[in-house]
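Below: one structure, written as structure tokens.
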Amino acid sequence: MPERSIPALRAAIAAHTPDLLADFEAGWRAKVADTYDISAAPAFFARWWAEYALARDPELDRHVRDLEERAAHATDPDKAKALLEEAAELHQRAGRLEPGE
């Protein structure tokens, strides 16, 4: 993981997961840059830190997306909840990664 800063995260996304860059840039503009709302920056950063952490591991990213997809189509509410809880735990774990990990 890169240094914990918006520029370092953007550079890592550009270098290692460039398919996410357009969404990152659009989100930055919509949430922070165009609104001049710097209070939105921590939430934006947290979301994209986890997104990048998942995306740099394609197998884990596929697994999380599969869990979310299966939950969306589950007919049993308990099964859907369990699938979403597992996906959320993986997102949270990715969000807790430190620079250099």
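Values in this text are rule-based calculations from the coordinates and carry no lab data. Remember, predicted model here, so these are calculated numbers, not experimental data. Note that we place each Cβ from the backbone using ideal geometry, even for glycine, and neighbour counts take in every protein chain shown.
Structural remarks
- Per-residue Karplus couplings for the stretch 54-68, computed as 6.51 cos²θ - 1.76 cosθ + 1.60 with θ equal to phi - 60°, are listed in order as 6, 5, 6, 10, x, 5, 5, 4, 4, 4, 5, 5, 5, 4, 5 Hz, Gly and Pro entered as x.
- In sequence order, the stretch 7-13 has phi-based couplings of x, 5, 5, 4, 5, 5, 4 Hz under the Karplus curve 6.51 cos²θ - 1.76 cosθ + 1.60, θ = phi - 60°, and Gly or Pro positions carry x.
- Histogrammed with a bin width of 10 Å, the alpha carbon distances of the stretch 62-101 distribute as 32, 44, 18, 6, 0 percent, first bin at zero.
- Hz values of 3J(HN,Hα) by residue in the stretch 30-41 - Karplus curve (6.51, -1.76, 1.60), Gly and Pro given as x: 5, 8, 10, 4, 6, 9, 6, 9, 5, 5, 7, 4
- Exposure proxy ranking for His63, His16, based on other Cβ atoms within 10 angstrom of each Cβ and starting from the fewest, stands as His16, His63.
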